[in-house]
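Scroll down for the structure; my scribbles are underneath it.
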Amino acid sequence: MLQISKGKPPACIAELQRTPGATWASVGGDQKEAMRAALLAEQGHLCAYCMSRVHNDPHRCGVEHWRPRSDPGTDPFHWNDLLAVCDGNAGAPHVLQHCDKHRGDAPLTLHPASPAQNVEDRVAYRLDGRIECADADALNLNCRRLLENRRMVQDAVRQRCLNFDATALRQDLAEWSGVDAEGRRRPFAGVALALLRRRLEAVEKRSKRTRGNRER
Ligand SMILES: [Zn+2]
């Protein structure tokens, strides 16, 4: 999971909020398209929960309500609670589904767009690709498909930065934090960032120790 910085909502959000009696069911196809485009731009075209690549396609990308719409008093157009998500392996058995498809209406603890909590500090990745975080089970983030994808990214990054010094690690960190010319982040970027941050911390600690020994 990656921290999302929310931007300005598309004009249709204010229109819907002004329309008396507007519900989620009354949202038009064009309005949903505009919402998906704005959400994907905020998220670097990655699913807000599993970090897989998502395109602006009504069949492959959903507009998710972090706070379930079934909760009494929920504003379905509250921009901060809207997220773009992948198709969650829709159509597969429930045990293989993930993200909002697996979640249903279950309440979540981690809010990737909450300025009050940095989700990246609340998620850990194990060497086998497992993710450890409060909502891993609700979102089925350790299903085989996601676990293998994360492990592949992790193995590639680990292999690449084996002998990296602090400068090279910082450079890779900047690349994994950034977006390409189309504003897209790299899929599963959170896994790479966590690993690179850990590696950088270890390298910096080691060089501090070496400096300390020399000065003695
Ligand atoms: Zn997803």
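None of the figures in this text is laboratory data; all of them are computed from the coordinates on show. All figures in this text were calculated on a predicted structure; none of them were measured in a lab. Positions of Cβ are generated from backbone atoms using ideal geometry, with glycine treated the same way; all protein chains shown enter the neighbour counts.
Numbers below:
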read-out	value
Neighbour cut-off at most 16 other Cβ (10 Å), DSSP loop, trypsin sites (Lys or Arg not before Pro), segment 25-72	Arg60, Arg69
Euclidean distance of C-alpha centroids, segment 152-168 and segment 68-98, integer Å	34 Å
Length added when fully stretched, Ala90-Ala174, from 0.36 nm per residue minus Cα-Cα	26.9 nm
Segment Leu108-Thr23, length gained on full extension (0.36 nm per residue, minus Cα span)	28.3 nm
Proxy reagent accessibility, fewest Cβ within 10 Å first, across Tyr125, Tyr49	Tyr125, Tyr49
Which of His55, His111 has the fewest Cβ neighbours within 10 Å, and the rest in rising order	His55, His111
Which of Met152, Met1, Met51 has the fewest Cβ neighbours within 10 Å, and the rest in rising order	Met152, Met1, Met51
Separation of the Lys8 and Lys205 label points, Cα + 7 Å toward Cβ, nm	4.5 nm
